[in-house]
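The values are calculated or read from the model by the stated rules, or taken from the named source; none is laboratory data. None of these values were measured; they are calculated from a predicted model. Positions of Cβ are generated from backbone atoms using ideal geometry, with glycine treated the same way; all protein chains shown enter the neighbour counts. Protein only, heavy atoms only, side chains kept; ligands, DNA and RNA dropped before computing areas. Shrake-Rupley method; radii C 1.70, N 1.55, O 1.52, S 1.80 Å.
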Amino acid sequence: MLDDEDQGHAARHDVTEDCEPQPVSIARRRLGCGDVGNGIHWWARVSRLRSVPSTMKNRCRNKNLPVRGVSQVPCGQYCLDRQRIFRIYALMSAPWNAQLTDPARDYQEEGRMIRFGLLGCGRIAKRHADLLGGNHIERASLVAVCDNVKPRADAFAAKFGVPAYDDLDDMLARKDIDAVAVLTPSGMHPQHAIACARAGKHVVVEKPMALRLQDADDMIRACDEAGVKLFVVKQNRFNVPVVKAREALDAGRFGRLILGTVRVRWCRDQSYYDQDAWRGTWAYDGGVLTNQASHHIDMLEWFFGDVVSVHARATTALVKVETEDTAVATLKFRNGALGVIEATTAVRPKDLEGSLSILGEKGTVEIAGFAVNQIRHWNFVDELPSDKVVIEKFSVNPPNVYGFGHQAYYQHVVDCLLHQRAALVDGLQGRKSLELISALYESIETGQEVALRFEPRRSKLGVIS
């Protein structure tokens, strides 16, 4: 880890081949924007590397590509090993679906299964357990469950025929667990994810990955140091209508983006928050922006790109909790587009919608339904024969819980682990979404427009009251 002086320097400058500092935002380095070297330099710096050889800036598409020059990296006594430097570069430089090989692990042998442990047996755990334990994910299995409330773990264990634990260390001691799904309260994600990483287990963590940016950084660093992958659950990216809209975006069919809107109009009454003491708290949960709307905020940023600034307002309207149950916000994107976020759990008496609208100069798409799963509008200036197919075959996700994004998400995770591919939503992507949410809370507290990138000062998220 860097000392305070190095951290301050790292936040202001990048390091080039000749070690001359150049101003590059740390967020852009972390996300690998611009020159591919910008992404790896942050990792090099936190690992005390002095520079990165130019041979490593070539894209690693070939799984057998040798990493030349690594042993000559001038990093003094803090030199990284060959396997770790390959892993760092591959994660930062390759597209999410490119095939990558990490010499430290190889799951590609015939019939290899990815064996999951499940940590946390609360509300969301049922969906994860049904998929993993019900043989709905090819080449994946559930082998253990853990919850500090033993009866909860016992109930899952009895249903799926696996051992139950009430101590995480005991479950992590098992040699037959490859990955752990961390489904505990959001404020506990960092400590649990780091423990799993240090035990050599890959980590699948529910949204949001953490409540504080520093905790997110610690999780990313721990997984990198342990040589394991970190996946953040953003299953709505895998909804069929969302996938088709993203394909249209990548094909340039929207033209210049103008306006993006997400709406979360759900019902969560007092009985929902009273189920567990952590719900609706700053320290462990956050409000509607952090919990229910985090998927939608992630998709807005995924479609429209980097956010320049935000302005948000919030209120606690109908329930007795620390956090907000209703919020609105406006966003300005780097590409000139504007965005609107409307999020509430104060709809009564039942859920209304979860939607995403994309407006561009050459087309408009609105995906609505309860969980961004139904195409409401699909209109483009330049129509294609395939548009009719999209509307007829892909406008609605299958009316079965296993047809929604979680199943496709887990299949993606297994594919990444078996074939050493980079994740669509890794720790860096999870952190990017968290930074935007943190900026929204900063604006709520200050009443001012907040520019990204920033350091939280008055945001209550992740703070014990």
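The table for this structure:
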{"read-out": "Hits in the range 108-134 (condition: within 24 Å of Gln191 (Cα to Cα) and either open to solvent by 20 Å² or more (accessible area, probe 1.4 Å) or part of a loop (DSSP other than H, G, I, E, B) (or both))", "value": "Arg115, Gly120, Cys121, Gly122, Arg123, Ile124, Lys126, Arg127"}
{"read-out": "Any chance Ala226 is open to solvent by less than 10 Å² (accessible area, probe 1.4 Å) and modelled with pLDDT of 95 or more", "value": "no"}
{"read-out": "Residue that is over 19 Å from the mean Cα position of the chain (by Cα) and over 30 Å from Ala368 (Cβ atoms), where the choices are Asp178, Asp250, Asp217", "value": "Asp178"}
{"read-out": "Subset of the range 135-155 (residues that are exposed (fewer than 15 other Cβ atoms within 10 Å of the Cβ) and modelled with pLDDT under 95)", "value": "Asn135"}
{"read-out": "Wholly enclosed strands (runs of 3 or more DSSP E) of the range 337-388 bearing at least 3 residues in contact with a His (Cβ under 7 Å, 6 or more places away or on another chain) and modelled with pLDDT of 95 or more", "value": "363-368"}
{"read-out": "Strands (runs of 3 or more DSSP E) wholly inside the range 200-287 containing at least 2 residues that are within 30 Å of Lys388 (Cα to Cα)", "value": "257-265"}
{"read-out": "Test: residue in the range 391-408 that is closer than 29 Å to Ala210 by Cβ, among the β-branched types (Val, Ile, Thr) and in contact with a Ser or Thr (Cβ under 7 Å, 6 or more places away or on another chain)", "value": "no"}
{"read-out": "Subset of the range 340-395 [of a type in the set (Lys, Arg), farther than 26 Å from Val308 by Cα and either open to solvent by less than 90 Å² (accessible area, probe 1.4 Å) or in contact (Cβ under 8 Å) with a residue 60 or more places away in the chain (or both)]", "value": "Arg348, Lys350"}
{"read-out": "Test result for Ala408, closer than 30 Å to Thr316 by Cβ and either open to solvent by less than 50 Å² (accessible area, probe 1.4 Å) or at pLDDT 95 or above (or both)", "value": "no"}
{"read-out": "Checking Gly405 against (1) within 16 Å of Arg237 (Cα to Cα); (2) of a type outside the set (A, V, I, L, M, F, W, C); (3) in contact with a Pro (Cβ under 7 Å, 6 or more places away or on another chain), the condition it does not meet", "value": "(3)"}
{"read-out": "Flag for Asp426 being buried (at least 17 other Cβ atoms within 10 Å of the Cβ) and free of Cβ contacts under 8 Å to residues at least 60 places away in the same chain", "value": "no"}
{"read-out": "Qualifying positions in the range 429-465 - free of Cβ contacts under 8 Å to residues at least 24 places away in the same chain and assigned to a helix (DSSP H, G or I)", "value": "Glu442, Glu445, Thr446"}
{"read-out": "Pick from the range 321-330, criterion surrounded by 17 or more Cβ atoms within 10 Å (Cβ to Cβ) and hydroxyl-bearing (Ser, Thr, Tyr), ranking: farthest from Trp266 (Cα to Cα)", "value": "Thr323"}
{"read-out": "Those residues of the range 277-295 which are open to solvent by 30 Å² or more (accessible area, probe 1.4 Å) and of a type outside the set (A, V, I, L, M), in sequence order", "value": "Trp278, Tyr284"}
{"read-out": "Residue within the range 300-307 that is closer than 20 Å to Ser355 by Cβ and assigned to a strand (DSSP E or B) present", "value": "yes"}
{"read-out": "Residue within the range 441-452 that is at pLDDT 95 or above, in contact with a Lys or Arg (Cβ under 7 Å, 6 or more places away or on another chain), farther than 21 Å from Val262 by Cβ and surrounded by fewer than 20 Cβ atoms within 10 Å (Cβ to Cβ) present", "value": "yes"}
{"read-out": "Exclusive hit being at pLDDT below 95 and among the small types (Gly, Ala, Ser), set Gly117, Gly161, Gly111", "value": "Gly111"}
{"read-out": "Check on Asp167, touching a strand residue (DSSP E or B) at 6+ places or on another chain (Cβ under 6 Å), surrounded by fewer than 22 Cβ atoms within 10 Å (Cβ to Cβ) and modelled with pLDDT of 95 or more", "value": "no"}
{"read-out": "Output for the range 296-320, where each listed residue is under 28 Å from Ala277 (Cβ atoms), open to solvent by 40 Å² or more (accessible area, probe 1.4 Å) and touching a strand residue (DSSP E or B) at 6+ places or on another chain (Cβ under 8 Å)", "value": "Arg313, Ala314, Thr315, Thr316, Ala317, Leu318"}
